[in-house]
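Asks: My structure is below; once you've seen it, I'll send some questions.
The values are calculated or read from the model by the stated rules, or taken from the named source; none is laboratory data. Given the structure is predicted, the values throughout are model-derived calculations rather than measurements. Quick reminder, even Gly has a Cβ in these numbers, built from the backbone with ideal geometry, and neighbours come from all protein chains shown.
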Amino acid sequence: MTKTKAPVLSDAPLEVQLAVELILLLEQQDLPAEAVLAALAIVQRDFQKKLTTFASQAN
């Protein structure tokens, strides 16, 4: 029987590493899932604006 080697987080793409870190951080806070999702929506909008601003400045 052969054992398969588990993937190492450090080999994962940066966004996967960041997602895992964020999940761990948020789970440690024991917050309601609804509050976490609402906060993440705010963060997503903020970073989307930054991305849009950066893209418009690059042109």
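Asks: Considering every residue within segment 23-42, establish whether at least one is in contact with a helix residue (DSSP H, G or I) (Cβ under 7 Å, 6 or more places away or on another chain) and hydrophobic (A, V, I, L, M, F, W, C).
Replies: Yes, there is a match, as at least one residue in segment 23-42 is in contact with a helix residue (DSSP H, G or I) (Cβ under 7 Å, 6 or more places away or on another chain) and hydrophobic (A, V, I, L, M, F, W, C).
Asks: Now for a different question. Given the condition in a helix (DSSP H, G or I), under 13 Å from the mean Cα position of the chain (by Cα) and of a type outside the set (Phe, Trp, Tyr), answer yes or no: does some residue in segment 44-58 qualify?
Replies: The answer is yes; a qualifying residue exists.
Asks: To continue, here is another question. How many residues are polar (S, T, N, Q), surrounded by fewer than 10 Cβ atoms within 10 Å (Cβ to Cβ) and modelled with pLDDT of 95 or more when one looks only at segment 9-52?
Replies: So the answer is 2.
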